[in-house]
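The values are calculated or read from the model by the stated rules, or taken from the named source; none is laboratory data. On a predicted model such as this, the values are computed, not experimentally measured, just so you know. In this analysis, Cβ positions are derived from the backbone assuming ideal geometry, glycine residues included, and neighbour counts consider all displayed protein chains.
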Amino acid sequence: MAGISTHVLDSLTGRPGVGMRIDFSMRDKDGSWKMVKSMTTNADGRTDQPVLTAEAAAVGEYELNFHIADFYERSDARLAAPMFVDLIVPLRFAIFDAKQHYHVPMLCTPWSCSTYRGS
């Protein structure tokens, strides 16, 4: 299975990041970023469809923008301090082999975020 997938884990609660908006863009040949689509995570913190299908996967640069501030503003979390992370956390990465699968998870709290190349 090739293509791109993602999921969000709310590390503050240890639960899936339900209802987080994620914007997906790709870099054009002229160097500009082109917005491809916007998605919202489901009850499992995943997108219902792949971010990028195996058929559409190509070598290139991609970006996922996670709307973390909106997610926490809508949550029941009682935050003792203002959020530290930006309103939207961009994650840029490259596909170097379009035959491989790229899973890009986001683990977040109002004060930190991390990612890795998952399987």
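Inspect all residues belonging to the range 74-91 and state whether any of them is in contact with a Leu (Cβ under 7 Å, 6 or more places away or on another chain) and assigned to a strand (DSSP E or B).
For the range 74-91, residues in contact with a Leu (Cβ under 7 Å, 6 or more places away or on another chain) and assigned to a strand (DSSP E or B): present.
Considering only the range 72-118, how many residues are closer than 21 Å to residue 60 by Cβ and not aliphatic (A, V, I, L, M)?
Looking only at that region, the number is 15.
Taking the options 29, 34, name whichever one is surrounded by fewer than 19 Cβ atoms within 10 Å (Cβ to Cβ), outside any strand (DSSP E or B) and charged (D, E, K, R).
Matching residue, one of 29, 34: 29.
Take the range 12-48 and flag every residue that is of a type in the set (S, T, N, Q), under 27 Å from residue 76 (Cα atoms) and at pLDDT 95 or above.
38, 40, 41, 42, 47
Right, residue 39: exposed (fewer than 14 other Cβ atoms within 10 Å of the Cβ), hydrophobic (A, V, I, L, M, F, W, C), touching a residue at least 12 places away in the same chain (Cβ under 8 Å) and under 20 Å from residue 102 (Cβ atoms) or not?
It is false that residue 39 is exposed (fewer than 14 other Cβ atoms within 10 Å of the Cβ), hydrophobic (A, V, I, L, M, F, W, C), touching a residue at least 12 places away in the same chain (Cβ under 8 Å) and under 20 Å from residue 102 (Cβ atoms).
Mind checking which residues of the range 95-118 are assigned to a strand (DSSP E or B) and more than 14 Å from the chain's Cα centre (by Cα)?
95, 101
Inside the range 80-101, can you point out the residues that are under 21 Å from residue 14 (Cα atoms) and exposed (fewer than 14 other Cβ atoms within 10 Å of the Cβ)?
The answer is 80, 81, 82, 84, 86, 87.
Could you say whether any residue in the range 3-23 is without any contact (Cβ under 8 Å) to a residue 40 or more places away in the chain and closer than 20 Å to residue 90 by Cβ?
So far as the range 3-23 goes, no, none of its residues is without any contact (Cβ under 8 Å) to a residue 40 or more places away in the chain and closer than 20 Å to residue 90 by Cβ.
What about residue 10, is it surrounded by fewer than 17 Cβ atoms within 10 Å (Cβ to Cβ), farther than 16 Å from residue 118 by Cα and not hydrophobic (A, V, I, L, M, F, W, C)?
no
For residue 57, which of the numbered conditions (1) surrounded by 14 or more Cβ atoms within 10 Å (Cβ to Cβ); (2) not in a loop (DSSP other than H, G, I, E, B) fails to hold?
The failed condition is (2).
Is the range 66-74 home to any residue that is more than 28 Å from residue 14 (Cα to Cα) and either charged (D, E, K, R) or surrounded by fewer than 17 Cβ atoms within 10 Å (Cβ to Cβ) (or both)?
No.
Residues in the range 1-26 that are under 16 Å from residue 58 (Cα atoms) and in a loop (DSSP other than H, G, I, E, B): how many?
Result for the range 1-26: 2.
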